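Notes follow once the structure below has been shown.
The values are calculated or read from the model by the stated rules, or taken from the named source; none is laboratory data. On a predicted model such as this, the values are computed, not experimentally measured, just so you know. In this analysis, Cβ positions are derived from the backbone assuming ideal geometry, glycine residues included, and neighbour counts consider all displayed protein chains.
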Amino acid sequence: MNKQLRKAVIAGNWKMNNNRAQTRELLEALIPSVKDAACDVVVCVPFTDLETAVAMTKGTNIKVGAQNCHFEAKGAFTGEIAPGMLTEMGVEYVVLGHSERRQYFGETDVTVNKRVKAAIGAGLTAILCVGELLEQREQGITAELVAMQTKIALNGVEKADLDKIIIAYEPVWAIGTGKTATADQANEVCALIRGVIAELYGQDAADAMTIQYGGSMNAGNAAELVSKPDVDGGLIGGASLKAPDFTVIVNAASQD
Ligand code: PGA
């Protein structure tokens, strides 16, 4: 497995945090502190902060993402945002299939697949989240479950479009809990997902796919996690809200 073939991506998932003033403050701190990053740096902010974030990061190495989008281009979908509305604003990334969307908002593998296809069709890069619940890990079905989530999410996605997809392996039991997967556990499942990509699209596609780990990644554990051969950066929740911590994580991924 050749890690040199792909660039690590550190993406902050701010979730439903930060108003406009807090967005300005956090980005003012981050812009200078991550400017020399050797990895890609993305901040996925609430819809209401996108415009501020896009304007502030113009000409910097920080890219901006949303945290969800709908699969239709327009229409009677009250409360939803279309992929084209995001690209028009200068948004480049979107998190899709996050476990909080699956848990609280009825997101299914099938709707995740529709969103992935719509997002990449509109020119966004999708950060596709997969991961098992604690019960599923304890039942020993992590491999099957994550493989199934990955396969359904990518159903109908052409090989040529894979460069617009990042996969984030996020064990649900590690999200926001302070319980990180060990670096070996994270690597094992990221490698397994890479095997699924190889099975679906060939080894070259698998070698080129960025596969992140997410779930309580922080300034203290990031270096070990991202040093693993199949872990290409991270999707960071809580620690992305603090500029010094996020910077440490970006620096850890830049070493590798
Ligand atoms: P966490 O969240 O880093 O706060 O665990 C990760 C995520 O949900 O993407």
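Go through (1) assigned to a loop (DSSP other than H, G, I, E, B); (2) without any contact (Cβ under 8 Å) to a residue 12 or more places away in the chain; (3) aliphatic (A, V, I, L, M) one by one and return the number of the condition Ala73 breaks.
The number of the failed condition is (2).
Select from region 128-141 the residues that are in contact (Cβ under 8 Å) with a residue 40 or more places away in the chain and either surrounded by 20 or more Cβ atoms within 10 Å (Cβ to Cβ) or of a type in the set (Gly, Ala, Ser) (or both) and list them in ascending order.
Across region 128-141, the qualifying residues are Leu128, Cys129, Val130, Gly131, Glu132.
Which of the residues spanning region 62-78 are within 30 Å of Asp36 (Cα to Cα) and among the polar types (S, T, N, Q)?
Gln67, Asn68
Against the definition (in a strand (DSSP E or B) and surrounded by 14 or more Cβ atoms within 10 Å (Cβ to Cβ)), how does Val54 come out, yes or no?
Taking the combined requirement at face value, the residue does not satisfy it.
Residues are listed down the side, and each one gets a yes or a no for (1) touching a residue at least 40 places away in the same chain (Cβ under 8 Å); (2) near the ligand (Cβ under 10 Å from one of its atoms); (3) closer than 16 Å to Ala11 by Cα:
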residue	(1), (2), (3)
Arg194	yes, no, no
Glu199	no, no, no
Ala206	no, no, no
Glu224	yes, no, no
Lys228	yes, no, no
Leu235	yes, yes, yes
Gly238	yes, yes, yes
Val250	yes, no, yes
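Restricting attention to region 208-222, report how many residues are more than 11 Å from the ligand (Cβ to nearest atom) and in a loop (DSSP other than H, G, I, E, B).
Final tally of qualifying residues: 4.
How many residues are surrounded by 14 or more Cβ atoms within 10 Å (Cβ to Cβ) and either of a type in the set (S, T, N, Q) or at negative phi (or both) when one looks only at region 73-112?
The number of residues fulfilling the criteria is 24.
Among (1) of a type in the set (Gly, Ala, Ser); (2) in a loop (DSSP other than H, G, I, E, B); (3) within 16 Å of the ligand (Cβ to nearest atom), which single condition is Gly65 missing?
The single condition Gly65 does not satisfy is (2).
So which residues in region 158-185 are under 14 Å from Met209 (Cα atoms) and either of a type in the set (A, V, I, L, M) or part of a loop (DSSP other than H, G, I, E, B) (or both)?
Correct list: Glu158, Ala160, Leu162, Ile165, Ile166, Ile167, Ala168.
Pull up region 246-256, narrow it to residues that are surrounded by fewer than 19 Cβ atoms within 10 Å (Cβ to Cβ) and in a helix (DSSP H, G or I), then point me to the one that is modelled with the highest pLDDT.
My answer is Val248.
Can you confirm whether Gly106 is modelled with pLDDT of 95 or more, part of a helix (DSSP H, G or I) and closer than 26 Å to Gly156 by Cβ?
no
So which residues in region 218-256 are of a type in the set (Asp, Glu), closer than 17 Å to Ala191 by Cβ and more than 17 Å from the chain's Cα centre (by Cα), if there are any at all?
Within region 218-256, Glu224, Asp256 meet the criteria.
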